[in-house]
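A short worksheet on the structure shown next.
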Amino acid sequence: MFSREFEDPLAKHILTPYPSSSSSNQFSPISSINSAQWSALQSDVDEILNDYSNPPGQNQDDTPKLLRSFLKYLCEEAKTLLMQEIKQFNGRTALRQLRNFLVDSILKSMLIAGGKQPKSLTPSPIVIPGLTAEESQNQLELRSDHTAVKQACLTRDGHRCVLTGMVERAHFMSIPPQNRGDLRSCITECAHIIPFALSKLNPNSTQEAETKTQIWRAIYRYFPFVVGKIGPEDINAPENAITLRSEAHMEFAAHRIAAEPTNTEHKYHVHDLGTVYSVARDLSNTITMKQSDPAVAMPNPDLLRLHYQVSMILQESGIRERYERTMWENEDNLIQNIQPDGSTDLGNILSSKMFTDI
């Protein structure tokens, strides 16, 4: 059976609605407060989360832990906003819904979408079997654009993985052996900082369009420093991409590696949040990204800041671990229940399972 070049992993992602009884109040703007009001608000929120308790006979509810994880790593503007929301929605049901909204629209969306991208192949002017002519053309354009961005990032990043310093294999082979020194080669990939799958890929699907719209609204709400710097139309751009060794790309997409911007331009603290040893052994505590090709824009540090904050929240809250465990526990069941005729709706199975278990 033919497999499309890019299957949108978020196509059937289920989002919990924002906990508001009135759509007109949804995503209301933040109100300015002074330092005394901020301190009082923080005290009120601490009390609310400390008083949050589990009804007898129910499993442990991680709502306070999840909300505290967001409060720890969000920027001051977003932290103030979330504290206002916690106070506004003070009550077990509404706070649990706020927790689910944050998990579904931000954390799970980033994990589900991470690392998914079109195959970077040379486009062919033929109709791809199994697709309509329009779908075929869209897939070819995706592949062409992705190939162009990958090549631009390779030249900008000096044909190296920006996290490990390893050299892209084809470029390594072009270096005379006597000049290679202690350089090591690797297979590289173009890693999107904000996942490629957050592009609006299927304008013909109302459900997919609404899901992506809600995800972007949540991103802009809780990471306001990226407003005007990234959007669904700007995903496939050098500012939102870095060159990574293929194994490091997997870890970056899973948010087990994060690069935290410092006060020095293009310098980042590297956080190892449980990477595999083969990658961890090649990581440095700090890196400085270099611009070998001045014609190609550098990665936007605010996009890496967003990735870092999400990574730390996933780590602190335990959501990444629960997501990975859920995927691992259900892998065998999924394999055993896949119908040979291709009729199994894997998207709905996974979405349903993740909605109830995470």
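How much length is gained on full extension from Thr213 to Arg169, taking 0.36 nm per residue of separation minus their Cα-Cα distance?
12.0 nm
Once amide H atoms are placed 1.01 Å from N in the peptide plane, what residues at a sequence separation of 5 or more from Arg184, or on another chain, have their amide H within under 5 Å of its amide H?
Distant-sequence amide H within range of Arg184: Val167.
So what's the stretch 169-276 giving for Cα Rg divided by 2.2 N^0.38 Å, two decimals?
1.35
Where the only charges are on Cβ atoms (+1 Lys, Arg; -1 Asp, Glu), what is the dipole of the stretch 241-300 about its Cα centre, to the nearest 20 debye? Could you put the intermediate results ahead of the total?
Working: 5 positive and 7 negative charges, 10 e Å.
So the dipole magnitude of the stretch 241-300 works out to roughly 40 debye.
On a straight-distance basis, which lysines could pair with Lys116 in a cross-link, Cα separation under 25 angstrom, same-chain partners fewer than 8 positions away excluded?
Straight-line reach from Lys116, under 25 Å: Lys12, Lys108, Lys150, Lys200, Lys212, Lys229, Lys353.
Report, by chain and number, residues whose modeled amide H sits under 5 Å from the one on Asp293, excluding near sequence neighbours (fewer than 5 apart, same chain).
Arg156, Gly158
Output ³J(HN,Hα) for the stretch 219-225: one whole-Hz value per residue in order, computed from phi by the Karplus curve 6.51 cos²θ - 1.76 cosθ + 1.60 with θ = phi - 60°, and x for Gly and Pro.
For the stretch 219-225, the Karplus-derived couplings read 4, 5, 6, 9, 9, x, 6 Hz, x marking Gly and Pro.
Once the Cβ-Cβ distance between Asn202 and Asp61 is put in as r, and R0 is 41 Å, what FRET efficiency do you end up with, to the nearest 0.05?
Calculated transfer efficiency: 0.70.
Read-outs: derived from the displayed coordinates by stated rules, not from any lab. Quick caveat, the model's predicted, so the values are computed rather than measured. Using ideal geometry, Cβ is built from the backbone for each residue, glycine included, and neighbour counts are taken over all protein chains shown.
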